[in-house]
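Enquirer: Got a structure for you, questions after.
The values are calculated or read from the model by the stated rules, or taken from the named source; none is laboratory data. What you see is a predicted model; the values in this text were computed from it and never measured. Cβ coordinates were reconstructed from backbone atoms using ideal geometry, including for glycine residues, and neighbour counts include every protein chain displayed.
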2 protein chains.
Amino acid sequence: MHYLQIMGIAKAEEVMNSVKAIVPFKKKGAKSRLQAFLTEAEREELAIIMLKDVLVALSESKIEEVVIISTCSKEELLNELQLELRNLKLTVRVDEKGLNEVLNEVITDEKASRLILMADIPLVTPESINELIGHEADVVIAPGREGGTNALFMRRPCEFFVSYYGVSCLEHIETAKRRNLSYSVHDSFFISADIDEEDDLMELLIHGNCFSAEYLRMIGVFIRVDKKSKVRAKVER
Amino acid sequence: MHYLQIMGIAKAEEVMNSVKAIVPFKKKGAKSRLQAFLTEAEREELAIIMLKDVLVALSESKIEEVVIISTCSKEELLNELQLELRNLKLTVRVDEKGLNEVLNEVITDEKASRLILMADIPLVTPESINELIGHEADVVIAPGREGGTNALFMRRPCEFFVSYYGVSCLEHIETAKRRNLSYSVHDSFFISADIDEEDDLMELLIHGNCFSAEYLRMIGVFIRVDKKSKVRAKVER
């Protein structure tokens, strides 16, 4: 059979088994490590706006369906997001359980591909999402800084088990090995850039044309550059 | 003409104009921000070993030729590197000038493609290097953390001008725009991870199967994981 024909068949299958994304989202008490810099209301607002950026990227990727797992109701979330997304079917699962517990409950019987994406990576691009779900491995891990797992794609979620916290990207690799699943590490700076601390805001202001960067500028957060200093730049307000 | 034929011609041209890489390297006083953690001798040794990892990645990529710009002589460097690289022609330009000055001098008359790669990104992969030089733009920028430029590819270097220090990735984008050159941002976590500070060593220990990670382990640097803490893990010695 001709190469392109085989590719055609693979693509048709992909469309049939389109990947659903799962985005866990916490608003209350979000981003506490930014408390010296942003008020509680601002931190919660930033968390919502970062989720918005993630959803926009998903809507421009091959992903067609997203479940947000949150303690907020769908009405509350949609109201705050103020976002109309074509190309993306959005549902909300209201759940108070811890991250690992709820995610493992969701994937335990799931046989179709799932992508778990963190809600605090507003720089994520549609291109990177598409590349990530295009890897051939059973499990694809996109690391966050300091060993986090900012995106996790599972071709057969029911065969996997998530374990966030700690150096989760190594734990996820170990789990894949133990369960005889092939794995691949997806190399993306924009996915790695989760926004937790003051210095992370710098990445947003430098690279972001997104809602979150706009919000930061609006509340008066900016970068001061000092070419003579060993530290290139600082976030100020 | 058929699509594949056009691709074939593009590939043939690429082979003829193979990309040369430039790696600026500073040993003396290297990595001063690690001084609370490593002795001066260790910092210099780490700098050399990181360069070694970068050269290994280059040798496994499509790059066939590298110029190291350094204050050390070729003999001194090769002696310290203890590395035999097939597939890679290595030359050393001994130069005492500052980074911007020497690089702009090197590229000012250069009409053939050049890739400038920093020497402190030991996690860089051959795949990422190949993707980077595969972008179609005139200028490709791979950002480092906090606005640095860890890799910079120029299709016609003589039309460009480098400006490191400060938020250089934005400066390089501005320069491309001002000179009517198309540009692209290459999204790579492993290229973004330059090793400057204590926390950066964590990335090396987590992701590195490379010489640098091995060296750190050998001198007793390790990661302590604390799942209960907000800070996932810490580098200790």
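Enquirer: In the range A:38-90, which residues are under 14 Å from the mean Cα position of the chain (by Cα), assigned to a helix (DSSP H, G or I) and aliphatic (A, V, I, L, M)?
Expert: A:47, A:48, A:49, A:50, A:51, A:54, A:55, A:56, A:57, A:58
Enquirer: Restricting attention to the range B:178-210, which residues are more than 10 Å from chain A (Cβ to nearest Cβ), among the hydrophobic types (A, V, I, L, M, F, W, C) and either in a loop (DSSP other than H, G, I, E, B) or surrounded by fewer than 21 Cβ atoms within 10 Å (Cβ to Cβ) (or both)?
Expert: B:181, B:195, B:210
Enquirer: Let me ask another. Considering only residues that are surrounded by fewer than 17 Cβ atoms within 10 Å (Cβ to Cβ) and within 14 Å of chain A (Cβ to nearest Cβ), which ones fall in the range B:100-120?
Expert: Within the range B:100-120, just B:100 meets the criteria.
Enquirer: Yes or no: residue A:123 in a loop (DSSP other than H, G, I, E, B), within 15 Å of the chain's Cα centre (by Cα) and either at the interface with chain B (Cβ under 10 Å from one of its Cβ atoms) or in contact (Cβ under 8 Å) with a residue 60 or more places away in the chain (or both)?
Expert: So residue A:123 fits the description; yes.
Enquirer: Just to verify a result, which residue in the range B:211-237, among those that are at the interface with chain A (Cβ under 10 Å from one of its Cβ atoms) and among the basic types (Lys, Arg), is surrounded by the most Cβ atoms within 10 Å (Cβ to Cβ)?
Expert: Checked the range B:211-237; the qualifying residue surrounded by the most Cβ atoms within 10 Å (Cβ to Cβ) is B:232.
Enquirer: Would you mind stating whether residue A:77 is crowded, with 21+ Cβ neighbours inside 10 Å and either farther than 25 Å from residue A:156 by Cα or among the polar types (S, T, N, Q) (or both)?
Expert: Answer is no for this residue.
Enquirer: Another question, then. Among the residues of the range B:98-120, count how many are part of a loop (DSSP other than H, G, I, E, B) and touching a helix residue (DSSP H, G or I) at 6+ places or on another chain (Cβ under 7 Å).
Expert: 6
Enquirer: Filter the range B:134-177 down to the residues that are out of contact with any helix residue (DSSP H, G or I) (no Cβ under 9 Å at 6 or more places or on another chain) and of a type in the set (A, V, I, L, M, F, W, C), then identify the one that is nearest to the other protein chains (Cβ to nearest Cβ).
Expert: B:173
Enquirer: Return the residue satisfying two criteria in turn: it lies in the range A:211-237 and is among the basic types (Lys, Arg) and either modelled with pLDDT under 95 or assigned to a loop (DSSP other than H, G, I, E, B) (or both), and of such residues it is farthest from residue B:169 (Cα to Cα).
Expert: Checking each candidate, the answer is A:237.
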